[in-house]
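The structure appears below as structure tokens.
The values are calculated or read from the model by the stated rules, or taken from the named source; none is laboratory data. Predicted model only: the values in this text are computed from it and were never measured. Backbone-built Cβ (ideal geometry, glycine too); neighbour counts: all protein chains shown. These accessible areas exclude ligands, DNA and RNA; they are computed on the full protein's heavy atoms, side chains included. Shrake-Rupley method; radii C 1.70, N 1.55, O 1.52, S 1.80 Å.
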Amino acid sequence: MKLRKENILIVDDDIHILELLQRHLQSWNYHVFKAVSVKEAVIILRDTHIHLLITDLKMPEVDGFELIKFASEHYPKMPALVITGYPSVQGSLQAIKSGVVDYLTKPFTKEELKEALQKAIGTSETTTDEKNTITTEQKAYGDIIGNSESIKTVFEIIDRVKNNKATIYIQGESGTGKELVARAIHYQGKFSRAPFVAVNCGAIPENLLEAELFGYVKGAFTGAETNKDGFFQAAHGGTIFLDEIGNASLAVQSRLLRVLQEKEVIKVGTTKAEKIDVRIIAATNNDLLSMIKNQTFREDLFYRLSVVEISIPPLRNRKDDIGLLVDKFLLKYGIEYKDRFLKITPEALQILKRYDWPGNIRELENIVQRAVIMSDKIIDVEHIPERLKYTIDTPTDELVPLRVMEKKYIEKVLRATGNNKTKAAEILQIDRKTIRQKLMD
């Protein structure tokens with residue numbers, strides 16, 4: 001997928017409309033920024049080149065008319081498209097006088113939105129004019145490497161967001177390289193000299209996470225003998241990466257929401273707020289939308305975290321990159337263990353390309369690391385683990401551990417569903433994370 005050059009900002013307090021607009025715009029290969037309030041929209045406009053503003057009019061606190069007036073004076077060349085559920089002749093005239101190029105009333109069809117976009121941007125969505133697309137030929141971005149179309153799209157999005165402080169949500173399976181993407185965003189942009197603080201929310205006990213993130217004052221709890229800054233204060237001026245954000249408690253989520261809304265933190269044990277300037281990048285391998293339905297993750301927090309969404313493809317969907325990744329790891333561990341660059345035979349590489357990699361890039365790296373240790377100069381088929389090689393399923397009455405039988409049956413279901421983990425999880429009545437864990441055992 002080639003992203004078009006236009007960045008589009010959509011502003012609406014109705015999250016369902018935000019989702020609908022995002023799906024439509026992304027289907028036409030536009031890059032989307034989202035805001036659920038005028039305040040958040042202004043922050044995005046100030047440090048991001050936006051080509052089109054799409055906004056609702058009726059919103060709490062500050063309405064869309066104020067945003068249009070602000071945009072028309074600060075960004076007079078940027079067109080605006082109004083979408084509202086409260087049509088009125090007076091409102092239409094007022095909006096049009098403020099520089100709005102079109103006016104859509106909810107509910108609207110996809111075709112109506114498409115026509116309005118064409119009018120606003122002045123391009124046809126039915127043609128693939130090279131001047132309206134961005135192509136990425138590079139094979140690496142920071143420590144991320146690949147040449148597949150799916151990873152090129154990730155490179156393009158990183159390029160769009162690296163120089164602004166829009167909040168970013170990275171979604172991807174375990175081992176796909178979510179932290180590498182977060183580091184690339186930070187270190188390849190203009191804030192690279194500022195701090196980058198990575199926090200694994202799943203590795204910190206729940207009762208300590210709040211204090212570690214926001215800091216605490218002396219006497220706030222047993223053991224708090226001095227005042228201490230948290231990870232947010234440490235990241236001031238730079239980026240904080242919140243990995244496994246789905247593991248945060250509802251109490252921590254509530255505090256995070258305040259940080260995003262007010263740009264300030266309050267240490268545990270005090271009511272004094274401290275202003276901070278920090279870009280937040282959150283990531284998870286959990287399905288946050290399912291967690292929202294189960295009321296274990298706040299919906300309002302999710303939509304403030306996902307101003308920009310980046311989906312990291314699993315390795316099975318970018319097998320063309322396996323050769324490049326193997327070369328990278330051969331160089332890394334060849335130097336570390338053998339003080340030279342090792343090679344891999346085409347036969348061994350073919351086995352690696354055939355495998356579906358439930359553990360993604362992390363699993364591939366571990367296998368290459370093992371192969372480097374076990375080989376001399378050339379990595380051949382004999383150095384590849386047996387579980388990756390071709391097997392023949394034959395009837396047997398041999399008694400084996402339950403985990404072995406579970407793994408074999410999970411693999412059978414995955415084969416039957418074309419390796420669709422979502423369908424397999426429904427058949428097995430377990431979640432996708434459990435499937436990955438059992439396959440890696």
Filter the range 264-273 for residues that are surrounded by fewer than 16 Cβ atoms within 10 Å (Cβ to Cβ) and of a type in the set (D, E, K, R); which is farthest from the chain's Cα centre (by Cα)?
-> Lys272
Any hit, the range 212-226, residues being over 25 Å from Leu180 (Cβ atoms), touching a Phe, Trp or Tyr at 6+ places or on another chain (Cβ under 8 Å) and at pLDDT below 90 | yes
Per-region count, the range 412-421, residues open to solvent by 70 Å² or more (accessible area, probe 1.4 Å) and within 19 Å of Asn317 (Cα to Cα) = 2
Could you say whether any residue in the range 233-251 is modelled with pLDDT under 90, part of a loop (DSSP other than H, G, I, E, B) and more than 10 Å from Val268 (Cα to Cα)?
-> no
Taking the range 45-81, which residues are assigned to a helix (DSSP H, G or I) and free of Cβ contacts under 8 Å to residues at least 24 places away in the same chain?
-> Arg46, Glu73
Could you check Gly64 against (1) open to solvent by less than 10 Å² (accessible area, probe 1.4 Å); (2) within 22 Å of the chain's Cα centre (by Cα); (3) among the small types (Gly, Ala, Ser) and say which number it fails?
-> (2)
Determine, yes or no, whether Ala220 is touching a residue at least 12 places away in the same chain (Cβ under 8 Å), surrounded by fewer than 18 Cβ atoms within 10 Å (Cβ to Cβ) and closer than 21 Å to Phe297 by Cβ.
-> no
Specify which of the listed residues (Leu208, Leu256, Leu242) is open to solvent by 60 Å² or more (accessible area, probe 1.4 Å) and not acidic (Asp, Glu).
-> Leu208
Looking only at residues in the range 1-44 that are charged (D, E, K, R) and open to solvent by 20 Å² or more (accessible area, probe 1.4 Å), which one is nearest to Glu149 (Cα to Cα)?
-> Lys2
Answer yes if at least one residue in the range 83-103 is among the hydrophobic types (A, V, I, L, M, F, W, C) and at pLDDT 90 or above, and no otherwise.
-> no
